[in-house]
1. Specify the residue that is modelled with the highest pLDDT; the eligible residues are those in region 38-78 that are farther than 26 Å from Pro25 by Cβ and β-branched (Val, Ile, Thr).
2. Can you tell me which residues in region 9-24 are within 28 Å of Phe103 (Cα to Cα), open to solvent by 100 Å² or more (accessible area, probe 1.4 Å) and at pLDDT 85 or above?
3. How many residues are over 12 Å from the mean Cα position of the chain (by Cα) and in contact (Cβ under 8 Å) with a residue 24 or more places away in the chain when one looks only at region 66-92?
4. Count, please, the residues in region 79-109 that happen to be surrounded by fewer than 16 Cβ atoms within 10 Å (Cβ to Cβ), more than 22 Å from Cys26 (Cβ to Cβ) and not acidic (Asp, Glu).
5. Applying the selection to region 25-46, what residues are open to solvent by 80 Å² or more (accessible area, probe 1.4 Å) and aliphatic (A, V, I, L, M)?
6. Might you check whether a residue that is among the small types (Gly, Ala, Ser), surrounded by 17 or more Cβ atoms within 10 Å (Cβ to Cβ) and under 30 Å from Asn23 (Cα atoms) occurs anywhere in region 57-69?
7. What is the number of the single condition among (1) aliphatic (A, V, I, L, M); (2) surrounded by fewer than 19 Cβ atoms within 10 Å (Cβ to Cβ); (3) not in a loop (DSSP other than H, G, I, E, B) that Ala118 does not meet?
Amino acid sequence: MDHRPPSVKVEKPWGYFEQYTHNLPCTVKVITVSAGGTLSRQYHHKRDELWVVLDRGARVELDGKILHPEPEEKLFIPRGTVHRLSSGGEGEVRILEISFGEFDEDDIVRLEDVYGRAML
């Protein structure tokens, strides 16, 4: 089932804005990955995520594929999809993450983690 929320681009005389959520339960955060850093290879049971890439150098593993998205590129990650974010360059990488559904850090199912955090 695709839980993808609609996004809307609204033109204004001064430019435009992109609206990613409207009256939906969600959690919004900016994730910063240090140069050479990598998040756990993980998935979630209770939430979908929309990532908006903010910086060059992002390396994303998404459902077995390796992606190198450009700034402003959007990636939708449905619940249950294995994913991982890394800094593939020499600088830090940031993404805007909008989580839809029940947000709980305990909903992270780690399949692999270079920092020794608890896994399955």
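1. The selected residue is Ile66.
2. Across region 9-24, the qualifying residue is only Lys9.
3. Total satisfying the criteria: 7.
4. Residues flagged as surrounded by fewer than 16 Cβ atoms within 10 Å (Cβ to Cβ), more than 22 Å from Cys26 (Cβ to Cβ) and not acidic (Asp, Glu) within region 79-109 amount to 2.
5. Let us first name the residues in region 25-46 that are open to solvent by 80 Å² or more (accessible area, probe 1.4 Å), namely 25, 28, 30, 45-46.
Listed by number, the residues that qualify are Val28, Val30.
6. Filtering region 57-69 down to residues among the small types (Gly, Ala, Ser) leaves 57-58, 64.
Going one step further and asking which of them are surrounded by 17 or more Cβ atoms within 10 Å (Cβ to Cβ), we end up with 57-58.
So of that shortlist, the ones also under 30 Å from Asn23 (Cα atoms) come out as 58.
Yes, there is a match, as at least one residue in region 57-69 is among the small types (Gly, Ala, Ser), surrounded by 17 or more Cβ atoms within 10 Å (Cβ to Cβ) and under 30 Å from Asn23 (Cα atoms).
7. Unmet for Ala118, out of (1) aliphatic (A, V, I, L, M); (2) surrounded by fewer than 19 Cβ atoms within 10 Å (Cβ to Cβ); (3) not in a loop (DSSP other than H, G, I, E, B): (3).
The values are calculated or read from the model by the stated rules, or taken from the named source; none is laboratory data. All of these numbers come straight from a predicted model, not from anything done at the bench. We place every Cβ from the backbone using ideal geometry, glycine too, and count neighbours over all the protein chains shown. Accessible surface is based on the protein model in full, side chains and every heavy atom, while ligands, DNA and RNA are left aside. Shrake-Rupley method; radii C 1.70, N 1.55, O 1.52, S 1.80 Å.
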